[in-house]
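Undergrad: Structure below; questions to follow.
Every read-out reported here was derived from the displayed coordinates using simple, explicitly stated rules and does not represent laboratory data. Quick caveat, the model's predicted, so the values are computed rather than measured. For neighbour counting, all protein chains shown are included, and Cβ atoms are generated from backbone atoms with ideal geometry for every residue, glycine included.
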């Protein structure tokens, strides 16, 4: 299907907009993936807040050169789709890792985080990053830990005092 120039410009503009609002991108070779599998991946991506776009490599290359993900241009060879993580940097990596457990057809060509091109082997490391919510909970728990410990220590003194008083009262009743 041939695209008119204005359609190509619109596609590039949309892709630049998506890339500028994303925290990471994964370039994935999808040769051999069926339409049914691709539809399933798109549904899972929508639920995970990941934007998947199949676009011609030359249009993707033009769009990415205007963003921090320009380093991905060198891996745009053959049929490739781009998976953009919007808020959560590891969302696309987690989605693709879980999808690849069932469908081994996908080939990770490269990842880009903060303007750096990472090899396909880095997918697991990026996928293992905590979500923003998990990181926030971990931070709050680590900040609360000293306070919780000090409350336990201070309450232990009062608990011990109450135990001693109850023993004394028991002894006096027995006498």
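Undergrad: What is the helix-to-structure angle for 35-47, meaning the angle in degrees between its Cα long axis and the longest Cα principal axis of the chain, kept from 0 to 90 and rounded to the nearest 10?
TA: Orientation of helix 35-47: about 40 degrees from the principal axis.
Undergrad: I'd like the orientation of helix 91-102 relative to the chain: the angle between its Cα long axis and the longest Cα principal axis, in ° from 0 to 90, rounded to 10.
TA: 80 degrees
Undergrad: Next question, about the same structure. Suppose a student asked you for the relative contact order of the chain, using Cα pairs under 8 Å spaced at least 6 residues apart; what percent would you report?
TA: 26 percent
Undergrad: When the chain is treated as a GNM, springs tying every alpha-carbon pair under 10 Å, which of 13, 152, 40 comes out with the largest mean-square fluctuation?
TA: 152
Undergrad: With each run of n ≥ 4 DSSP H residues scored as -39500 (n - 2.57), what mean residue ellipticity at 222 nm is computed for the chain after dividing by its residue count and rounding to the nearest 500 deg cm²/dmol?
TA: It comes out at -18500 deg cm²/dmol, rounded to the nearest 500.
Undergrad: I'm spelling it out carefully: the read-out is mean projected area of the Cα convex hull in nm², the candidates are (1) 10.3; (2) 16.0; (3) 9.5, and one was derived from this structure. Which label?
TA: Label of the calculated value: (2).
Undergrad: Hey, another quick one. Along the Cα→Cβ direction, 7 angstrom out, place labels at residue 7 and residue 86. What is the inter-label distance in nm?
TA: Inter-label distance under the simple model: 2.7 nm.
Undergrad: Taking the chain as the reference, fit the longest principal axis to its C-alpha atoms, fit the long axis of helix 5-20 to the helix C-alpha atoms, and give the angle between the two in degrees, 0 to 90, nearest 10.
TA: 20 degrees
Undergrad: From the Cα gyration tensor of the range 69-116, with a ≥ b ≥ c the square roots of its eigenvalues, which class applies: rounded if a/c is under 1.5, or else prolate if a/b is larger than b/c, or else oblate?
TA: In terms of gyration-tensor shape, oblate.
Undergrad: Once you've got the GNM for the chain with C-alpha springs shorter than 10 Å, pick whichever of 155, 24, 145 has the biggest mean-square fluctuation.
TA: Maximum fluctuation in the GNM of the chain, among the listed residues, is at 155.
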